[in-house]
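Only one structure is covered here, and it is reproduced in the block below.
Values quoted throughout were computed directly from the atomic coordinates according to the rules given, and no laboratory measurement underlies them. These numbers were taken from a predicted model, which means no experiment stands behind them. Counting neighbours? That spans all protein chains shown, and the Cβs are built from the backbone with ideal geometry, glycine included.
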Amino acid sequence: MPTKNKKNILRLGIPARALRFQTIDLLELAGFTVNVSASGHKITIDDPEIECFFSKTQELAEWVENGMLDVAIVQKARLIEQGIKAKEISEFKYGNGIWDLTRVVVAVPCDSKFKTLKDLQGQEVFSRLPNLTKKFFEEQRVKVKVTRVTYPSETKAEMFDKPTVDFTNTGNTLREHDLRVLAVIMETSPRMIMNNETFQDKWKREKAENLAMLLKGARLAKDMVGLMLHVSNGLMVDVLKILPAMKKPTVTQLRGENVFDVLTVIDKKQAREVVPRLKKIGATDIVEFPLEKVII
Amino acid sequence: MLFLRKAGFDIYITPRVCQPKIDDPEMDCFLLRAQEIPKYVSLGKLDVGIAGSDWICEQKAKIVEVYDLDFAKKTVGKAAKWVLAVPDDSPIKSVKDLQGKVIASEVVEVTKNYLKRKGVKAKVEFSWGASEAKPPLFADAVVDITETGESLRANNLKILDTVLETTTKLIASPLAWRDPWKREKIETMAMLVYGHVQGHQMTNIMAHISQRQLEDVLKIIKGFGAPAVKKIAGINYYDLSFRCKERQARELIPALKRAGCEGIVQSTAFKIS
């Protein structure tokens, strides 16, 4: 059993289920070598100062709160559901199978008569997040009976013809079970949380913040690209107008010519509009390149 | 294969084809069992190959070791080893107890050498594989390869001793090594592959820093080659660009951020060895 609060070791909880693969992805992109045992229960990384631990996020959240773990990556909705008291040090944009936010929704069978939340008055609602669900319906002034169910709730909603509250990412599971979204309760994303006590430990805090910075940098780099191009002096003003930069593009004059080398970083989605425009106004040698980390 | 790809070679493999295509007209590739590669390299049938040091020893192949690549099947940087193992409940407690016993192994020569070093006389039987299953019925002990020990544990075997630590080597045929053109080609390819295996591939870091904090930041990156420092037009900021090893980035980036850098970007765009 882990002893509480080891000195100069950061004990890190990693989600073992829905957020598992993308969390491992991010750790690797952040620059760590990740090893998962054959059983899939044990995770180690090549930093002797970080001890990793797989578990469900419900448990990870509790264990950070009580100090068994220093930090963990946990879904925000879980923190609210469980009323976890811990320091939130970072948030990341990804969900199960997506690099986007996860939603907590009220879903009902497609062929049910429920059209609005009001129609659920007096109904039994299944939920994987009962506290959050009760609070939501209270705010909506709709009286329902909330029944806690465990993963997955979609199968139960389909079989027993009940409304259910669950996480959704791509919407695939809802479709598989003939469910449709009636309302979105909240958008949620993974957070890195830290135990309130070990947050006061300067070494641990810095270690955790550095890790969060690298993970966030790796995550952001997935959304952005680098751009290099050559621009003649006369075009410079126009090009700079088109380019949105993190600060300002780096502009260097090419040796012996009246041409400049422009280097910048832009949003991937912007790139597909910006690059053709740059080409059109006369920029040359445009190179788009992938980024590994972006830290703003 | 992964490392060759990372090193910038395009390799196309189709199922069942043992001669993958590579986008370098000066190279021909063959997919062969690691056991056979040292032999072909030593005979000069292959100019260069990648093989485990275990099979090089086993076949006593005369080759030129170009690089120790140090990657095994599952884990990078952790050597696989050939170990002497016996059943958990075996009366054999050390290699000395093997006098006159039977040892099964895929690496007969390596095992014989090991026994000779230990001054133990035992019978070494060649094993085609699945050696873990052999003791206690078919042999008293085995010399088998392990990385994580999982397969040994699953078969209730315990390790008595390490016989040979094996690492992956990039080897060249002595004949090819004497040919200046081939040697240069081998060295160039080997350098690219080696860089990636060792995580030595360079990564490029760019950041913006105010004039006031520039000195502090330059101290942090001292020793990572000369950084390019450019003044950004119009504001009191500098653009900093330097290269470091991939592994160092995860320590340098937080340090840079803490020292006041903004817009830190890491990319591998500018690959320069």
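Observations on the model:
- Spin-label pair A:ASP25/A:GLU139, simplified geometry with 7 Å Cα→Cβ offset, distance in nm: 2.9 nm
- Across segment A:42-54, coupling constants 3J(HN,Hα) worked out from phi with the 6.51/-1.76/1.60 Karplus curve, θ = phi - 60°, read 10, 10, 10, 10, 7, 10, x, 8, 10, 9, 9, 8, 8 Hz, and Gly and Pro carry x.
- Considering every alpha-carbon pair of the protein assembly as shown, the percent of pairs per 10 Å bin, from zero through the bin containing the longest distance, is 3, 13, 17, 20, 20, 16, 8, 3, 0.
- Compared with the alpha-carbon gap, the fully stretched path from A:GLN121 to A:ILE9 is longer by 35.2 nm at 0.36 nm per residue.
- Assigned charges on the beta-carbon of Lys, Arg, Asp, Glu; segment B:80-164 dipole about Cα centre (debye): 480 debye
- Helix B:108-118 vs. chain B, principal-axis angle (Cα, 0 to 90°, nearest 10): 80 degrees
- Among A:GLU187, A:GLU273, A:GLU49, the largest mean-square fluctuation in a Gaussian network model of chain A, built with springs joining Cα atoms closer than 10 Å, belongs to A:GLU273.
- The slack between B:ASN156 and B:ALA233, meaning 0.36 nm per residue of separation minus the straight C-alpha distance, is 20.8 nm.
- GNM top mover of B:VAL17, B:VAL143, B:VAL48 - chain B, alpha-carbon springs below 10 Å: B:VAL17
- Rg/Rh (Cα only; Kirkwood hydrodynamic radius) as it applies to chain A: 1.08
- A:ASN233-A:ASP178 FRET efficiency (beta carbon distance; Förster radius 56 Å; 0.05 resolution): 0.35
- Per-bin percent of Cα-Cα distances, segment B:152-216 [5 Å]: 3, 11, 11, 11, 9, 9, 10, 10, 9, 8, 5, 3, 1
- Projected onto its three principal axes, the C-alpha set of segment A:241-295 covers 33, 25, 19 Å, listed from the longest axis down.
- Mean projected area of the convex hull spanned by the Cα atoms of segment B:48-176, taken over all viewing directions: 7.9 nm².
- Among A:GLY217, A:GLY83, A:GLY95, the largest mean-square fluctuation in a Gaussian network model of chain A, built with springs joining Cα atoms closer than 10 Å, belongs to A:GLY83.
- Between A:MET186 and A:ASN131, the simple label model (points 7 Å from Cα in the Cβ direction) yields a spacing of 1.0 nm.
- Where the Cα pairs of segment B:202-267 fall when distances are cut into 5 Å bins, in %: 4, 19, 34, 28, 11, 4, 1
- Rounded to whole Hz, the Karplus (6.51, -1.76, 1.60) HN-Hα couplings of segment A:261-268, x for glycine and proline: 9, 10, 10, 7, 10, 9, 4, 4
- Segment B:GLU165..B:LYS112, full-extension length gain: 17.5 nm, with 0.36 nm per residue of separation and the alpha-carbon distance subtracted.
- A helix-only calculation puts chain B at -8000 deg cm²/dmol for mean residue ellipticity at 222 nm, using -39500 (n - 2.57) for each DSSP H run of at least four residues, averaged over all residues.
- Efficiency of FRET between B:CYS18 and A:VAL287 - r from beta-carbon atoms, R0 51 angstrom, step 0.05: 0.85
- In chain A, the longest principal axis of the Cα atoms and the axis of helix A:202-223 are about 70 degrees apart.
- Value of D in µm² per second that Stokes-Einstein yields for chain B, Kirkwood Rh from Cα pairs, at 10 °C (1.306 mPa s): 71 µm²/s
- Chain A - mean residue ellipticity at 222 nm from DSSP helices (-39,500 (n - 2.57) per run, n ≥ 4, rounded to 500): -9000 deg cm²/dmol
- The P(r) of segment A:168-275 has a tail past 20 Å containing 65 percent of all C-alpha pairs.
- Taken along the Cα-to-beta-carbon direction at a fixed 7 Å, the label points for B:THR268 and B:LYS60 span 4.2 nm.
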